[in-house]
Amino acid sequence: MRDLKYLAAFSTPLVAVLALYLGGYYTFLTPIYAFGMIPIMELIFSQNTINLSETEVEEKAANPIFDWLLYLNIPVVFGLLFVTLWNVSTNSYETYELVGLIFSTGIVLGSNGINVAHELGHRQTQYEQFMAKLLLWPSLYMHFFVEHNFGHHLHAATKEDPATARYNQVVYSFWFTSTIRQYLNAWKIQKNLRQRGNFSFFSLKNNMFWFTVLQIAYVVSILYFLGTLAFIFVLASAVVSFLLLETINYIEHYGLLRKKLASGRYERVREIHSWNSNHVIGRIVLYELTRHSDHHYKASKKYQLLDCHEKSPQMPFGYPTSMVMALIPPLWFKVMNKRIPNEMVNISK
């Protein structure tokens, strides 16, 4: 039964369904739940730093339930999206209700869409990578598949990485720099992959070309079949979802940098180059994303097997709480700057 704890990740879309059903000011239930109730629960429940034994690792690695819990997000995410779009295009809503539904939908697209796509994108099977791309589609962030796997994991904790926030950089500035640079980097990476693989621009292997086609086709189809309001809704909820991702990127690597060696290369990525959080609630609802240090140390390791390392820099709060704190830069800097190793602060200068 303990393996089913990750069903808690579906609490977010469940709250979004409730928000859609109740309407009115209840449309804001999802952001209240995600960034109000969950942070409170994180403060109530203790951290868990225990790692799995070798026997438990073998058992959980072989148990397909953990994979199916990820796959289930596809019908959940798309089901909620289409039901919401249908309601928006056929019913009359007040402006504040639409704003609430945009945030509700965007949070689900981020937490159960992009976050799960991140996990599946690291898998080696084609069908799981296809699922990852599918979950990135409604967030209009399919380029994340290319940049994250071939860029971020190579350059994480360096100034060359768009997804590594600089020391004293505010999250609002990071949203722009990371979003724009990641997109441009994805095209550069794809160009290098195309030259190395010797395939044409219009080849099925050119992910960035087909990502662009699919995403344009998606928003144009919404505009044509469901109207202008649904079109605006799709764009706005996508923005909410990828800004949610970028806020997570911000807190995951803020101020942590690798040393450049005499050879001109960077030291290899270690457990000290990502922020770790062992707060139970955040771990469960985000499929262990908060054990990010081990994820970068061994990117191929599945979420249910990730470890806590004593060497890893520890966040004082869980990821949901930290995301809220990041939105208040003076508070974020006051809490986090003193936790960054001095040698890394010196590298950033």
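Points to keep in mind about this one:
- D_trans [Stokes-Einstein, Kirkwood Rh over alpha-carbon pairs] for the range 106-206, 37 °C, 0.692 mPa s, µm² s⁻¹: 227
- Note on residue 60: aspartates and glutamates with a C-alpha under 15 Å away, same-chain residues under 8 apart excluded, are 3, 288, 307.
- Base-10 log of normalised Debye intensity for the chain (one unit scatterer per alpha-carbon) at q = 0.07, 0.11, 0.12, 0.13 Å⁻¹: -0.29, -0.74, -0.89, -1.05
- Alpha-carbon centroids, the range 1-62 and the range 94-108: separation in whole Å: 20
- Contour minus Cα-Cα distance for residue 172 and residue 196 (0.36 nm per residue): 5.0 nm
- Estimated dipole of the chain in Debye, rounded to 20 [Cβ of Lys and Arg +1, of Asp and Glu -1, Cα centre]: 1280
- Centre-to-centre separation between the Cα atoms of the range 249-284 and those of the range 117-196: 16 Å.
- Computed accessible area, residue 216, all protein chains, 1.4 angstrom probe, square angstrom: 90
- Amide N proximity, the range 304-334 versus residue 49 label position 7 Å along Cα-to-Cβ, cut-off under 14 Å: 308-317
- Along the range 241-255 the Karplus relation, 6.51 cos²θ - 1.76 cosθ + 1.60 evaluated at θ = phi - 60°, assigns HN-Hα couplings of 5, 7, 6, 4, 4, 5, 5, 5, 4, 4, 6, 6, 10, 3, x Hz to successive residues, with x for each Gly and Pro.
- Sites residue 342 and residue 203, calculated FRET efficiency, Cβ-Cβ separation with R0 41 Å, nearest 0.05: 0.25
- A Förster radius of 22 Å combined with the Cβ-Cβ distance from residue 183 to residue 327 puts the calculated FRET efficiency at roughly 0.45.
- Taking Cβ atoms as reference points and 14 Å as the exclusive limit, the residues near residue 295 contribute a net charge of +1, counting Lys and Arg as +1 and Asp and Glu as -1.
- Entry comment: accessible area of the range 263-349 is 42 Å² per residue, from protein heavy atoms only and a probe of 1.4 Å.
- For the range 184-274, the direction-averaged projected area of the alpha-carbon convex hull comes to 8.9 nm².
- Apportionment of accessible area to carbon and sulfur, the range 96-220, percent (1.4 Å): 66
- Under the simplified labelling scheme, the residue 96-residue 71 pair shows an inter-label distance of 4.4 nm, with each label point 7 Å from Cα along Cα→Cβ.
- The range 201-216 and the range 286-329 have Cα centres separated by 32 Å.
- Normalised contact order of the range 144-254, rounded percent, pairs of Cα under 8 Å and 6 or more residues apart: 36
The values are calculated or read from the model by the stated rules, or taken from the named source; none is laboratory data. Not measured: the values here are computed from a predicted model. Positions of Cβ are generated from backbone atoms using ideal geometry, with glycine treated the same way; all protein chains shown enter the neighbour counts. These accessible areas exclude ligands, DNA and RNA; they are computed on the full protein's heavy atoms, side chains included. Shrake-Rupley method; radii C 1.70, N 1.55, O 1.52, S 1.80 Å.
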